[in-house]
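Below is one structure, written out as structure tokens; comments come after it.
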Amino acid sequence: MPDFGRFFLPGPTEVHPEVLQAMAQPVIGHRGSEMSRILEACDPVLRAIFRTSRPVYVSSSSATGLMEGSVRNGVRRRALSLVNGAFSTRYRDLVSECGREVETYEVAPGRFHDPRQVFERLRRGGFDAVTVVHSETATGVLNPLAEIADAVRRAEGETGDEILVLADGVTSVAGALVEAEGWGLDFLLTGSQKAMALPPGLAFGTPSARMMERARTLTGRGQYFDLLEFEKYWQKHQTPTTPAVSLIYALAEQCRRIGVGGVAARAERHWAMARRCWAWVEERGPRWGLSLFAPEGYRSPTVTCMRVDGRVAAAEIVEGMKARGWTIGGGYGPLKESTIRIGHMGEHTVDELDALLAVMEEVLG
Ligand SMILES: *Cc1c(COP(=O)(O)O)cnc(C)c1O
């Protein structure tokens with residue numbers, strides 16, 4: 001049995017042994033030239049991953065930290081929050097928990113958001129930000145983010161409101177080409193433990209110039225996620241507070257590895273795994289009552305969510321895989337009993353996925 005390539009959770013994901021080993025280096029001071037040199041070397045790769053010429057900040061927090069940061073630095077008074085699952089619900093809740101007003105545009109789990117609806121809601125006026133999750137990890141739905149950002153721009157033209165697009169790309173960035181600059185995203189963030197295939201504990205985010213302008217005018221940005229502080233230290237290739245130094249070593253090694261393969265090839269590998277997984281569910285799944293949860297054209301390249309009709313219980317499949325030494329994800333939150341999920345992201349390959357699917361067939365019987 002292979003000792004790598006059997007862990008298919010939709011986060012955290014499997015970390016390559018070379019990346020794990022990098023963390024065993026001695027801890028160094030975070031104000032020294034050595035740390036700046038390491039972060040400077042990561043910089044061009046992070047920009048390539050985020051498809052931007054803007055800074056990409058490194059935060060020693062999980063992704064939720066930067067979700068909160070994006071609200072504190074980006075929402076002035078009132079946001080429209082797009083909700084279609086557990087993580088987009090979290091984003092919406094963060095807006096009100098940070099003391100802002102929020103209107104929810106909710107669709108059922110498994111559905112995506114209609115850009116025309118986004119436009120219709122925003123054109124009524126009074127909004128200054130939109131929160132959206134690109135790849136809803138709970139359901140495997142990929143939102144049409146470029147079109148949604150376009151709709152926001154059109155609403156800005158119509159209303160004269162400045163409306164920032166705050167995007168959670170936690171399971172899309174590094175698994176797909178998510179165009180922070182090209183799509184006009186005002187903040188795009190991810191966490192280390194999803195398609196970046198790093199251990200949990202870091203988050204990355206890139207702001208547009210107007211996001212930084214907005215932040216300058218807002219009070220109550222707090223301290224830990226104050227983007228102005230991130231910007232000040234980023235200029236020196238440092239972080240505002242003590243970073244998780246060992247994880248920075250892992251990041252440096254992973255940036256080196258991603259730099260060698262290139263982000264376009266990485267994205268293509270993810271789409272190839274996704275297509276393979278969808279085809280398997282469509283061809284083989286029906287005999288066990290498995291079907292794809294997300295509609296065609298709106299499926300995430302990194303996570304496939306399958307509806308389980310009860311012929312074989314979700315927990316039985318997950319446990320059966322575990323007994324054979326393989327890990328897949330159960331359903332998330334309210335979808336726990338009715339779905340299972342395969343995370344095909346990070347360092348996995350189509351061959352490893354094929355091996356996983358063969359074991360799945362054994363378990364399903
Ligand atoms: C995992 C995940 C998060 C939360 O990330 P943490 O690192 O646990 O804070 C947010 N959004 C999406 C889409 C996720 O998949």
I'd like the carbon and sulfur percentage of the solvent accessible area for the chain, probe radius 1.4 Å, heavy atoms only, ligands and nucleic acids excluded.
51 percent
What does the net charge come to around Arg210 if you take all other residues with beta carbon closer than 14 Å to its beta carbon, with K and R at +1 and D and E at -1?
-3
Among beta bridges assigned by DSSP with both residues in the chain, the antiparallel ones amount in percent, to the nearest 5, to 50 percent
I want to verify a result. In a Gaussian network model of the chain, Cα cutoff 10 Å, which of these has the top mean-square fluctuation: Ser208, Ser96, Ser192?
Ser96
Cα convex hull of the chain: mean projected area in nm², to one decimal?
17.1 nm²
Anyone know which of His30, His134, His237 comes out most mobile in the 10 Å Cα GNM of the chain?
His30
D_trans [Stokes-Einstein, Kirkwood Rh over alpha-carbon pairs] for segment 263-364, 25 °C, 0.890 mPa s, µm² s⁻¹
180 µm²/s
If each part is reduced to its alpha-carbon centroid, segment 196-217 and segment 158-193 end up apart, in Å, by 10 Å
Ratio of alpha-carbon Rg to the 2.2 N^0.38 Å globular estimate for segment 308-358, to two decimals, please.
1.17
Value of D in µm² per second that Stokes-Einstein yields for segment 234-277, Kirkwood Rh from Cα pairs, at 4 °C (1.567 mPa s):
102 µm²/s
Taking only protein heavy atoms and a 1.4 Å probe, what accessible area per residue, in Å², does segment 263-364 have with all protein chains in place?
42 Å²
Wrap a convex hull around the Cα atoms of segment 204-310, take a quarter of its surface area, and give that in square nanometres.
11.2 nm²
Expected max-MSF residue from Pro199, Pro109, Pro26 in the GNM of the chain (alpha carbon, under 10 Å) is Pro26
Summing -39500 (n - 2.57) over every DSSP H run of at least 4 in the chain, dividing by its residue total and rounding to the nearest 500, the 222 nm mean residue ellipticity is -13000 deg cm²/dmol
Surface accessible to a 1.4 Å probe, per residue, for the residues of segment 136-219, Å²
25 Å²
Convex hull over the alpha-carbon atoms of segment 103-249: what's its volume per residue in Å³?
126 Å³
Glu231 neighbourhood, Cβ < 11 Å, K/R = +1, D/E = -1, net charge +2
Summed residue charge, Cβ within 10 Å of Gly330's Cβ, Lys/Arg positive, Asp/Glu negative
0
Quick numbers on segment 181-220, Rg and Dmax over C-alpha atoms in Å, give 12.9, 36
Kirkwood Rh (inverse of mean 1/r, distinct Cα pairs), segment 1-120, angstrom:
18.2 Å
Based on the alpha-carbon set only, what is the convex hull volume of segment 252-312 divided per residue, in Å³?
99 Å³
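The values are calculated or read from the model by the stated rules, or taken from the named source; none is laboratory data. What you see is a predicted model; the values in this text were computed from it and never measured. Please note: Cβ atoms are built from the backbone with ideal geometry, for glycine as well, and neighbour counts cover all protein chains shown. Quick note on the areas: whole protein, heavy atoms, side chains included, nothing else; ligands and nucleic acids left out. Shrake-Rupley method; radii C 1.70, N 1.55, O 1.52, S 1.80 Å.
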